[in-house]
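I have placed the structure first, in the form of C-alpha cells, so that the comments after it can refer back to it.
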Amino acid sequence: MVWPQSLKLRKWFTLTSGALTWIVLSCGFLNAMPPAQRVVLSNGLIVITSEEHALPFVTFKILLHAGARRDPAGQGGLASLTARALLFGTQKQSMASINEQLDYIGASLSADAGRDYAVISFRVLKKDLADGLKLFAEVLTQPAFPVEEVANEKARTLAAIRASEDRPGEVAEKAFLKALYGAGPYGQPVIGTKESVENLTVDGLRQFYDSCYDPNNSIMVIVGDLGEKELKDTVLPRFSGWQKRGLPAATLEIKAESTKKTIAIDRPLTQANLILGHGGIKRDNPDFYAVTVMNYIFGGGGLTSRLMQEIRERRGLAYSVYSGFDTGKYQGSFQIVLQTKNASARDAIQLALTEMSRMRTQLVSEKELDGAKKYLIGSFPLRLITQDGIASFLMQVEYQNLGFDYAERYPGLIQAVTTDDVLRVARAYLYPENYIFVAVANLKEAGLEQ
C-alpha cells in the first residue's frame, strides 16, 4: 500500500516519556492524513497511533502473525476458526452479553484470519471509549472458546465450503492454488476443507491461540478522535498488561511450483471459468514498482489494459478479464482470470498468451506508461478517506517494513519506472511457456476434454 505524492515528510524525531520511547512522523496530506506515532510497549506490542478528529470515533486494528500459514498439517481452517471464535465469549461473559454491550454503545467488533495474519477490528464512539476498550481487551486476551458456539461455527463453515463448490470461480481458484503450492499452507483454502474442519477441536483452538496470540507477535493501530493524554491514560494501560509469552519467530518456506500443468474440471456450465498463471514475487522484491506498472498496462488497468482491449473490446470473447500479482511476505502468485463462453475458451487463452509474449518482446508506448503512472499515483488518496482505510494503511506500512518515509518515496519510485524497466520485468516475471492452466467448464463444448 502507498501514500500519494501530496503527503510530504516534515519531521522525524524521538520522544522519551517514562518507560516509552516514541518515534514520531509529522506529515501533511492536504489535511486528510494526520501525523502518526509509533511506540513499543514493554510486552513487545507495537502500537501506531494517528489522530483524526473529523468524526467522534476511534478505530482499532490489531494484526497478529496468526494466519492460515500457521495451520498445522491436517488442520486447515484452524487459524480462521480461532480468529472468529474470539467473539464467542470470554472467561467472564457469553457471546450474547458481548453483543448486547456492543449494540448498547453502538460499537463494531470483528475478527478473521487470512493467509498470512489475523486482524481484529474495533470501532467505538469517543464517548464510550473506556467501556469499549474494556470489552475489546477482554475479547482479545481472555477468550473462552465455548464448545457449543465453536460447534455451531464449524457447521456454518462446512456449509460455506459446500456452497463454494457451486461457485465455479472459487472452484478454479482453489484448484489453481493447490496446483501452484501443493500441500503447503498457501495451497490450502484459508477456511479449510470439509475433512480438516470436521476434525478441528476446541482444544486445538486453545493451543493455536496460546501459540500465536501474543503481544510480542502483534501490531496495533489506533486512528481517530484520540489525544496523547487519553492514549497514555486510557488506552495503553489496557494492553500493557497483556502477558508476553515470548513466542519464537515462525519460520516458513513458501515455494511455488514451476512445472507446467493443466487442470480441467467438468461442470455443466455455459461460461468457462479460466485461470492461467504461475509463481509471482514477494512484496520486498526491488522490482515491485516496475512490476506494478507493467501489470497495470498488461491486465490490471481495467478497460485500458491490453488484455481487456484485445479479448473484450476487439474480439468480444469475455466480459471480464484481468491479471494480478498477489504479493506478500512470501512468494505470491501471478494470475490471468477470465470468463468466456465454452466455445471460445481456447481462443481467449491463446490471446492471453499472445499478449503475455508481446509484453516480453516489445516496449510499451510512452502513452501507456504515462497513463499507468498517473493512475497509480493519483488514485491512491481514495484509499485513505476513512479511519478504517488509514488504519489499514498504517498497519501494512509496519507489517511490510516500508518505513515512515515511504509516503515521500512512493511517487518517485513509480515515476522512475521506464519502458525498459517494464520490458525487463515482463521478461523476468511472465512465463508464457511455463504456466498452470485451470478450466472449470463444460469440457466437451470447450474442447478441453483430456
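The values are calculated or read from the model by the stated rules, or taken from the named source; none is laboratory data. Only a predicted model underlies this, so the values are computations on that prediction, with no experimental measurement involved. Here Cβ is always computed from backbone atoms with ideal geometry, including for glycine, and neighbour counts include all displayed protein chains. Side chains are part of the model used for accessible areas, which takes the heavy atoms of the whole protein and leaves out ligands, DNA and RNA. Shrake-Rupley method; radii C 1.70, N 1.55, O 1.52, S 1.80 Å.
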Using the structure shown, decide if ARG162 is open to solvent by 20 Å² or more (accessible area, probe 1.4 Å), in contact (Cβ under 8 Å) with a residue 24 or more places away in the chain and of a type in the set (D, E, K, R). yes
Enumeration of residues in segment 120-132 that are more than 26 Å from the chain's Cα centre (by Cα), in contact (Cβ under 8 Å) with a residue 40 or more places away in the chain and open to solvent by 20 Å² or more (accessible area, probe 1.4 Å): LEU125, LYS126, LYS127, ALA130
Can you tell me which residue in segment 198-238 is nearest to VAL397 (Cα to Cα), limited to those that are in contact (Cβ under 8 Å) with a residue 24 or more places away in the chain and of a type in the set (Ser, Thr, Tyr)? SER218
Give me a count of the residues in segment 361-379 that are assigned to a loop (DSSP other than H, G, I, E, B), among the small types (Gly, Ala, Ser) and under 25 Å from PRO432 (Cβ atoms). 1
Can you confirm whether segment 133-154 contains a residue that is more than 29 Å from ASP103 (Cβ to Cβ), surrounded by fewer than 18 Cβ atoms within 10 Å (Cβ to Cβ) and among the acidic types (Asp, Glu)? no
What is the one condition in (1) in contact with a Phe, Trp or Tyr (Cβ under 8 Å, 6 or more places away or on another chain); (2) in a helix (DSSP H, G or I) that GLN207 does not satisfy? (1)
Filter segment 154-205 down to the residues that are modelled with pLDDT under 95 and among the small types (Gly, Ala, Ser) and list them by number. GLY182, ALA183, GLY184, GLY187
Total residues in segment 226-248, condition open to solvent by less than 30 Å² (accessible area, probe 1.4 Å) and in contact with a Phe, Trp or Tyr (Cβ under 9 Å, 6 or more places away or on another chain): 1
Among the residues of segment 420-431 satisfying the criterion of being open to solvent by less than 20 Å² (accessible area, probe 1.4 Å) and in contact with a Lys or Arg (Cβ under 7 Å, 6 or more places away or on another chain), which is nearest to THR259 (Cα to Cα)? LEU430
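One line per residue, one yes/no per condition, for (1) basic (Lys, Arg); (2) in contact with a Leu (Cβ under 6 Å, 6 or more places away or on another chain):
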{"position": "GLU253", "(1), (2)": "no, no"}
{"position": "THR259", "(1), (2)": "no, no"}
{"position": "LEU269", "(1), (2)": "no, no"}
{"position": "GLY277", "(1), (2)": "no, no"}
{"position": "ASN285", "(1), (2)": "no, no"}
{"position": "TYR289", "(1), (2)": "no, yes"}
{"position": "GLN309", "(1), (2)": "no, no"}
{"position": "ARG312", "(1), (2)": "yes, no"}
Are there any pairs, at least 6 apart or on different chains, whose C-beta atoms fall under 8 Å, with the first in segment 340-358 and closer than 16 Å to GLY300 by Cα and the second of a type in the set (Phe, Trp, Tyr), and if so, which? GLU355/PHE298; MET356/PHE298
